[in-house]
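Accompanying notes for the structure given below.
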Amino acid sequence: MTIKTIKKISFTILILLVVDSCMHNDHIGVFNYDNKQELSQYNTLHLDATHPNLLNPKISTSDYNLVVKSWSNLHQRIGDFLSKNNFDWEVEDHSIAIVHKIYFSAEGKIKNYFFKVLTENVSEEKKEQFASLILKFSKDNPINFKKEGPFAQCGKTKYLTE
């Protein structure tokens, strides 16, 4: 084999690896409303235009109950995950209110997670820790729901503090 042939083969293999990497992109975006840079990045994605919110009963007419059940189950698992990781909000409040906008692939994998902590006395450090744990959770915890195309579930939840 000539050096020219080896270079061509190497280049072809490199291209195939790059294409394969792009096709299996498992990047998950986590965006905190209170972080202006993250909010700006989130806004550039225009996810609401491509991911219908299935918690809207006008959108999920026939499968609304399954959607609500999957949402409840997902947030129960998030709460359990936070507890297993000894996450403490370090506030006196008995509950933490959060608005979530979670964007899924058709298979139910979490692709983007936007949140706004409504409880006022949560520190920026705790919001960052929450975001880090959500990223970790999102990698291996799809929602128990599938659709023909990408979708979202958006709503407010409360997590009890211990």
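The values are calculated or read from the model by the stated rules, or taken from the named source; none is laboratory data. The structure presented is a predicted model; accordingly, all values stated were derived computationally and were not measured. No Cβ is skipped: glycine too gets one built from the backbone with ideal geometry, and neighbour counts run over all protein chains shown.
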query = Hey, among 127, 139, 101, 109, which residue is within 14 Å of the chain's Cα centre (by Cα), closer than 17 Å to residue 41 by Cβ and touching a residue at least 24 places away in the same chain (Cβ under 8 Å)?
reply = 101
request  = Kindly list, by first and then second residue, each pair from a residue in region 67-83 that is over 12 Å from residue 143 (Cβ atoms) to a residue that is at pLDDT 95 or above and assigned to a helix (DSSP H, G or I), limited to pairs with Cβ atoms under 7 Å and residues at least 6 apart or on different chains.
outcome  = 81/133; 81/137; 82/133
inquiry  = With the requirement that a residue be in contact with a Lys or Arg (Cβ under 9 Å, 6 or more places away or on another chain) and on the phi < 0 side of the Ramachandran plot, what does region 76-100 give you?
reply    = 81, 85, 87, 88, 89, 91, 95, 96, 97, 98, 99, 100
inquiry  = Kindly evaluate residue 59 against the criterion of being farther than 26 Å from residue 26 by Cα, without any contact (Cβ under 8 Å) to a residue 24 or more places away in the chain and among the β-branched types (Val, Ile, Thr).
reply    = yes
inquiry  = Among the listed residues 25, 65, 73, 56, identify the single one that is within 22 Å of residue 152 (Cβ to Cβ), at pLDDT below 95 and assigned to a helix (DSSP H, G or I).
reply    = 65
remark   = All-but-one check, residue 120 against (1) farther than 18 Å from residue 53 by Cβ; (2) part of a strand (DSSP E or B), failing number (2)
message = Restricting to region 104-151, and then to whatever is in contact with a Ser or Thr (Cβ under 9 Å, 6 or more places away or on another chain) and of a type in the set (Gly, Ala, Ser), can you tell me which residue is surrounded by the fewest Cβ atoms within 10 Å (Cβ to Cβ)?
response = 149
